[in-house]
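Worksheet for the structure shown next.
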Amino acid sequence: QVQLVETGGGLVQAGGSLRLSCAASGRFFTTNAMGWFRQAPGKEREFVAAVAGSYNTYYADSVKGRFTISRDNDKNTAYLQMNSLKPEDTAVYYCAGRRSSVVVTTLAYDYWGQGTQVTVSS
């Protein structure tokens, strides 16, 4: 049984920064792909960023240059550093993991966290 637990959400002013963490437990390996998604009220869940088992990273155009995904395999944890936050970044952020090492930008992930709220005030 794999569990993903996100922490680090909160309220921040526009232009500020937050770092989200996603701790994986259970049979989740360092070669598995991990991703971050977000869902704003009334909108569909969308891809934000992902890191492959090869450490290659992928970003949505809307966050490129502002967000950075990374992973610490010793801690089995992924991070999402979010800088220059905008009100439109407000959403529930979800961590996701795949059995595969290959990243996809769709919702085709096998494991999901419970989500953490990020609110950016203007």
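The values are calculated or read from the model by the stated rules, or taken from the named source; none is laboratory data. Every value quoted in this text rests on a predicted model; they were computed, and no experiment measured them. Every residue, glycine as well, gets a Cβ built from its backbone with ideal geometry; the counts of neighbours run over all protein chains shown. SASA here: full protein model, heavy atoms, side chains in, ligands and nucleic acids out. Shrake-Rupley method; radii C 1.70, N 1.55, O 1.52, S 1.80 Å.
Some observations on this one:
- Ligands, DNA and RNA excluded, the heavy atoms of Trp112 present near 80 Å² of accessible surface to a 1.4 Å solvent probe.
- For trypsin sites (Lys or Arg not before Pro), the sites in region 72-122 that DSSP calls loop and that have at most 11 other Cβ atoms within 10 Å are Lys75.
- Relative contact order, whole percent, for region 9-72 stands at 21, derived from Cα pairs under 8 Å and 6 or more residues apart.
- When the chain is described by a simple charge dipole with +1 on each Lys and Arg Cβ and -1 on each Asp and Glu Cβ, the residue from Asn73, Thr106, Gln39 located farthest towards its positive end is Asn73.
- For Thr90, solvent-accessible area (1.4 Å; no DNA, RNA or ligand), Å²: 30 Å²
- When the chain is reduced to its Cα atoms, the Kirkwood hydrodynamic radius in Å: 14.1 Å
- When you restrict to C-alpha pairs under 8 Å that are six or more residues apart and normalise by the size of region 1-115, the relative contact order lands at 35 percent.
- 1.4 Å probe accessible area per residue over region 33-89, in Å²: 49 Å²
- The dipole here belongs to region 49-99: it is taken about the Cα centre, uses +1 on the Cβ of Lys and Arg and -1 on the Cβ of Asp and Glu, and is about 140 debye.
- The chain, dipole about Cα centre (Lys/Arg Cβ +1, Asp/Glu Cβ -1), debye to the nearest 20: 100 debye
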